[in-house]
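The values are calculated or read from the model by the stated rules, or taken from the named source; none is laboratory data. Please read all numbers here as calculations on a predicted model, not as lab measurements. Methodologically, a virtual Cβ is constructed for each residue, glycine included, from the backbone with ideal geometry; neighbour enumeration extends over all protein chains shown. Keep in mind that these areas ignore ligands, DNA and RNA; they rest on the heavy atoms of the full protein, side chains included. Shrake-Rupley method; radii C 1.70, N 1.55, O 1.52, S 1.80 Å.
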Amino acid sequence: MISGKSKLMVAIDTDNYEKAVELIDKLDNSVEIFKLGLENYIASRGKTLDYLKSKGKRVFLDLKFHDIPNTMMSAVRACIKDGVWLMTIHVSDYEGMKMCADIAKEEAARLGIEKPLIVGVTVLTSMSDEDLASVGCNLSTREAAIKRAKLAKEAGLDGVVCSAQEVEDIVAACGDDFVTVCPGIRPKSAEVGDQKRVVTPSQAIKNGAKLLVVGRPITRAEDPAKAADLIVEEIEKALV
């Protein structure tokens, strides 16, 4: 049976290094993969990343690179040297994404290490159809996510970040081996917060999500480890 822990990634969304360390320690036996975003990475100057590596945890560095190709390539190379397991870039032009995918293979081979996963951000889960329209995109969030996922696969990325609401269509379009990372995951008892396209852990897995990102329902729980264990249990039931 596949372990639910291998599907769960907990978001460390705090600008306080000491609080991040405290949370990581509380979740030590319950969580194998942690997501670090811009807030914590910048505030801690990368110290939380170093701490996670010292604990033997897998790191999802979610900095969502979006720049000219040469700058993105340099950022990807730096992440590989830093030992991250998974990283994000925005789905942009085909050539830029291909250059990032190629440099990842080359750098990992040069260092003699396993290549980390690179996934492209399709449409942020905080965005609605109306939000896309307001910035000049005439596609729905679902249509935009599927179109961008196809482009990301064509360019050689390992997968995409997408809402679990459209993950089933993306798997159908891009194949079951294409990694789908789904944020906006909320157990039924949790508040939606600033997310607009949310799905429960079990439904996300049934829809075909490969990796789930959970933040506040775990990190702000009275007992974070218990909250994580319950989600892992829900994931494993959905996998049966």
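General remarks:
- Among residues of the stretch 103-121 that are outside any strand (DSSP E or B), those with a beta-carbon under 9 Å from a residue that is among the acidic types (Asp, Glu) at least six positions away or on a different chain give the pairs Ala104/Asp158; Ala108/Glu114; Ile113/Glu107; Lys115/Glu107; Lys115/Asp158; Pro116/Asp158.
- Filter pass, Asp13 being in contact with a Gly (Cβ under 6 Å, 6 or more places away or on another chain) and buried (at least 19 other Cβ atoms within 10 Å of the Cβ): no
- Test result for Val213, in contact with a Leu (Cβ under 9 Å, 6 or more places away or on another chain) and either modelled with pLDDT of 95 or more or not in a helix (DSSP H, G or I) (or both): yes
Residue by residue, here is whether (1) surrounded by fewer than 17 Cβ atoms within 10 Å (Cβ to Cβ); (2) under 15 Å from the mean Cα position of the chain (by Cα) holds:
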position	(1), (2)
Ala155	no, no
Glu168	yes, no
Val171	no, no
Thr180	no, yes
Ala209	no, yes
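- Pairs linking a residue in the stretch 224-237 that is among the acidic types (Asp, Glu) to a residue that is part of a helix (DSSP H, G or I), with Cβ atoms under 7 Å and 6 or more positions apart or on different chains, are Glu233/Gly4; Glu234/Pro201; Glu234/Ser202; Glu236/Gly4.
- Cβ-Cβ contacts under 6 Å between residues 6 or more apart (or on different chains), taken from a first residue in the stretch 44-58 that is touching a residue at least 12 places away in the same chain (Cβ under 8 Å) and of a type in the set (D, E, K, R) to a second residue that is surrounded by fewer than 18 Cβ atoms within 10 Å (Cβ to Cβ) and not in a loop (DSSP other than H, G, I, E, B), are listed as Lys47/Tyr17.
- Total residues in the stretch 88-102, condition part of a helix (DSSP H, G or I) and either among the small types (Gly, Ala, Ser) or surrounded by fewer than 21 Cβ atoms within 10 Å (Cβ to Cβ) (or both): 7
- The stretch 16-44, subset among the β-branched types (Val, Ile, Thr) and open to solvent by 10 Å² or more (accessible area, probe 1.4 Å), residue farthest from the chain's Cα centre (by Cα): Val21
- Of all residues in the stretch 45-87, those satisfying the criterion of being among the β-branched types (Val, Ile, Thr) and buried (at least 16 other Cβ atoms within 10 Å of the Cβ) are Thr48, Val59, Val76, Ile80, Val84.
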